[in-house]
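The values are calculated or read from the model by the stated rules, or taken from the named source; none is laboratory data. What you are looking at is a predicted structure, and each value in this text was computed from that prediction instead of being measured. Here the Cβ positions follow ideal geometry from the backbone for every residue, glycine too, while neighbour counts run over all protein chains shown.
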Amino acid sequence: MKTEILKLLKESDGYLSGQELCGRFGVSRTAIWKAIRQLEEEGYQIEAVRNKGYHFIGSCDIMTKTEIKSCIKGKFGRDVEYHEVIDSTNIRARRLAEEGASSGTLVVSDCQSAGRGRRGRAWVSPSGKNIFMSLILRPDILPASASMITLVAALAVYDGIKNVTGLDTGIKWPNDIVANGKKLCGILTEMSAELEGIHYVVVGIGINVNMEEFAEEVSQMATSLLLETGEKVRRSRLVAAIMEAFEQYYEEFISQGDLSGLISVYNKHMVNTGKEVRILDRSGDYTGVALGINEKGELLVEVQPGEVKHVISGEVSV
Ligand code: BTN
C-alpha cells in the first residue's frame, strides 16, 4: 500500500484527501496516516493540510524498494529485490534465477562487498553513491546469441542517462558507457546454458552516479554523472529509466533474433565509429579503423583498405 500511495501522490498535481485514499485502499484514516509517516521517515517530503489532504513535495536521492518500485513503469524491475549491502548483485541474481525467479526480476544494492568486473577484476562499490544492479532474463535464443544482450544493455543505459540527466554519453564497444573518454558504467553479463538453450542470463550494471572524487590511480579513467553534469542524480529514477529503455530494446532484439533493428542507433552512440582502434587479441594485438557493428554485435574493423575483420570479443583501446 505504501508504494501505491507514493505512486498516487507523485502522479497527483494537487492534494489527495485522506478520505479518497481510505476509499481506494479500504483502510482507516489511521492506516493511511501511518503509511505517510513511514514515507516521511524514509526521506519523502509530504505536506499534510487540514481539509485538503496530502501533497507530494519531493525527495532526495532515496534508494529503497518502495522508491524503486514507485518509479518503475513496465515489466522490467517490477519484481525488485533491494539490499543495503550484498556481496554482488550478480551472485544474488544468479541464485534467484536458479530458484526460479522470472525474467525481468531485478536485484539492486546500495553497496557491494565483493563487486565483480569483467575479466576477473573487482568493481569498487561504496555505499550511498552509485548504482549496482542485476537483471535476470530468460531469452529463448541460442547461447551463441547471448553476448548481443550486453550491447542491448549498453543502449538502455545510454538512453536512461540521457533521459534523466540530459547527458549525451558514448558507448565504447561492446558495452562500456563513457563520457569525455572516461568510464561511467560497466556491464557484466553472465549466463547459465546448455548447448541447445539458455537457462538464464544475468546482466549486471554498475554506474558511477554521485561519486564526488576517485582515487588518484583511477581518476584518469573513471568519472561519474555528478562530475560530468555538476548535479546529483536520483538513483531510483535512473534505475527505472534504464529498465524502461531496456524493455523496449530487448523486445526489438528478441523479435528480430539479432541486432539488425538496433545497428544504426548503436553505431550512432558508439564512440569508436570511424576512429582508429587497437584490438587486444590473444593471438596478437592489431590496429584498424572501426566501421561499426553488424547484426551480431561484432565490431567491424578495417585493418587495410578493403580488408575488414569481425571482432567477436576482446578489449578495444581507443
Ligand atoms: C566491467 O568490468 O566493466 C563490468 C562491471 C560490472 C559491475 C556490476 S555492479 C552490479 C553487478 N554486480 C557485480 O558484481 N558486477 C556487476
Contacts under 9 angstrom Cβ, first residue in segment 202-214 being closer than 27 Å to A101 by Cα, partner among the charged types (D, E, K, R) and surrounded by 24 or more Cβ atoms within 10 Å (Cβ to Cβ), 6 or more apart: I207/R235
Complete set of residues in segment 124-161 that are within 17 Å of G186 (Cβ to Cβ) and in a strand (DSSP E or B): I131, F132, M133, S134, L135
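Quick grid of which residues meet (1) in contact with a helix residue (DSSP H, G or I) (Cβ under 6 Å, 6 or more places away or on another chain); (2) within 15 Å of the ligand (Cβ to nearest atom); (3) not in a strand (DSSP E or B):
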{"position": "M191", "(1), (2), (3)": "no, yes, no"}
{"position": "V203", "(1), (2), (3)": "yes, yes, no"}
{"position": "E212", "(1), (2), (3)": "no, no, yes"}
{"position": "E217", "(1), (2), (3)": "no, no, yes"}
{"position": "E228", "(1), (2), (3)": "no, no, yes"}
{"position": "E231", "(1), (2), (3)": "no, no, yes"}
Whether any residue in segment 128-149 is of a type outside the set (A, V, I, L, M, F, W, C), away from the ligand (no atom under 14 Å from the Cβ) and touching a Cys at 6+ places or on another chain (Cβ under 9 Å) is what I want to check. yes
Taking segment 63-100, which residues are touching a residue at least 60 places away in the same chain (Cβ under 8 Å), more than 24 Å from K232 (Cβ to Cβ) and of a type in the set (G, A, S)? G74, S88, A93, A97
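What do you reckon, is N208 closer than 17 Å to S125 by Cα and either touching a Ser or Thr at 6+ places or on another chain (Cβ under 6 Å) or crowded, with 19+ Cβ neighbours inside 10 Å (or both)? Break it down stepwise before answering.
On the way: closer than 17 Å to S125 by Cα: yes; either touching a Ser or Thr at 6+ places or on another chain (Cβ under 6 Å) or crowded, with 19+ Cβ neighbours inside 10 Å (or both): yes.
Yes: the conditions hold for N208.
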Among the residues of segment 157-168, the number that are within 16 Å of the ligand (Cβ to nearest atom) and either out of contact with any Asp or Glu (no Cβ under 8 Å at 6 or more places or on another chain) or modelled with pLDDT under 95 (or both) is 3
Just wondering, is there one or more residues in segment 31-51 that are touching a residue at least 40 places away in the same chain (Cβ under 8 Å), assigned to a helix (DSSP H, G or I) and within 25 Å of I68 (Cβ to Cβ)? no
Out of all the residues in segment 64-123, which are farther than 25 Å from S147 by Cβ, part of a helix (DSSP H, G or I) and within 16 Å of the ligand (Cβ to nearest atom)? I68
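A quick yes/no check of all residues on (1) in contact with a strand residue (DSSP E or B) (Cβ under 9 Å, 6 or more places away or on another chain); (2) closer than 21 Å to T189 by Cβ; (3) of a type outside the set (A, V, I, L, M):
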residue	(1), (2), (3)
A245	no, yes, no
E252	no, yes, yes
R278	yes, no, yes
H310	yes, yes, yes
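Scan I177, I187 and give me the residue that is within 18 Å of R92 (Cα to Cα) and within 14 Å of the ligand (Cβ to nearest atom). Please lay out each step first, then the result.
Working: I177 fails: within 18 Å of R92 (Cα to Cα).
When all the criteria are applied, what remains is I187.
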